[in-house]
1. Using a 1.4 angstrom probe on the protein heavy atoms only, could you order R168, R74 from most to least accessible area?
2. Can you list the lysines whose alpha carbon sits under 18 Å from that of K53, skipping same-chain ones fewer than 8 residues off?
3. Out of the total accessible area of region 124-248 (probe 1.4 Å, heavy atoms of protein only), what percent is carbon and sulfur?
4. Pairs on different chains or at least eight residues apart, Cα atoms closer than 22 Å: how many lysine pairs in region 94-237 fit?
5. If each residue of separation counts as 0.36 nm, what is the full-extension length gain between E253 and E164 once their alpha-carbon separation is subtracted?
6. What are the residues whose amide H is under 5 Å from the amide H of H245, where those residues sit 5 or more places off or on another chain and H is modelled from the backbone?
7. What fraction of the DSSP beta bridges in the chain is antiparallel, stated in percent and rounded to the nearest 5?
8. Determine the shape class of region 242-299: with a ≥ b ≥ c the square roots of the Cα gyration tensor eigenvalues, call it rounded for a/c under 1.5, and otherwise prolate if a/b is greater than b/c, oblate otherwise.
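The values are calculated or read from the model by the stated rules, or taken from the named source; none is laboratory data. This one's a predicted model, so the numbers in the text were calculated from it and none came from an experiment. Heads up, the Cβs are rebuilt from the backbone with ideal geometry, glycines too, and the neighbour counts pull from every protein chain shown. Heavy atoms of the whole protein, side chains included, go into the accessibility calculation; ligands, DNA and RNA do not. Shrake-Rupley method; radii C 1.70, N 1.55, O 1.52, S 1.80 Å.
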Amino acid sequence: MHNPSRREFLKTSVTTACSTGLGVSGLGEVLGASPVSGGIFETPPPAPLPIKKGVLLDMLPAKLSYADRLKMARDVGFEVIQAPTTPDQREAEEIKKAADAANVRIDSVMNMDQWKYPLSSSDATVVEKSLAGMRTSLHNAKLWGSDAVLLVPAVVNPQTTYREAWSRSQKEIRKLLPLAEELKIVIAIEEVWNKFLLSPLEMATYVSEFKSPWIQAWFDVGNVLLYGYPQDWIRTLGKSIAKVHLKDFKRKEDGYEWVNLGDGDVDWAAVREAFREIGYSGSAITELKGGDEAYLRDVSRRVDRLVLGRP
């Protein structure tokens, strides 16, 4: 159907007014009261996304106590925290107490042994250390009331082929599934610069092959810019996305650098629309350099504007 232009609409309105005897002044009164000109029919801006705004524990000032760090996170506007694997039980209890006092949730755990001890290694001793680290992370998550642990599943290198990384890591992750199911904690697979899972189709296939609700995807907006588009990854992974990392990436003539949200090459409007399309309502954790209260407050506001769509 042909849609009249603004010029054609006005021309038709003038002709109608003249034929009915309204005249130009009468037309002005009609148009002045028109719901179109008054903006009544204008499309309202979309509602902000219901995503929970989070921050890495390691982004908060290390000189402060856990209690003060988590209180600061809440004060500057963050709702949830991602904490690293914490083998020391007393320290883990201290983090939980601080989070409870600050009324901020530790939403997820970043597993820490996956790089030094990759699950894709051919060395059984290395693999067992990696599994032990994941078990600690899963128990941390249970203690803290988290619902997911981030896992980098494999590393491709001269010693480990892509096919070996795929098969070995899946075999080892399946050993963790009974504990994940018992504790009701999702193992969320992240794509990083490990020369593995380089496309959204591969990532989706890798996750789906487990055929388990306890294996899902952890999507990092900034990590994929070298070889893809975040909005494409989001739509492809869809409902398998359990959690999200937020960072920005800037290409330069002599290389690249990680930058603050909105200062890089991420198309945040496209990312926001993709999250809206898949109905994502989980958490989005900022993974940036640390800083003081003023810096963290600015990061929080950038998440509001760029990711959630708040004015």
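1. R74, R168
2. K53 reaches K71, K243, K247, K289.
3. In region 124-248, the share of accessible area belonging to carbon and sulfur is 57 percent.
4. 20
5. My answer for the length gained is 28.5 nm.
6. Amide H to amide H, under 5 Å and 5 or more residues apart or across chains, H245 pairs with F219, D220, V221, I285.
7. The answer is about 15 percent antiparallel.
8. oblate
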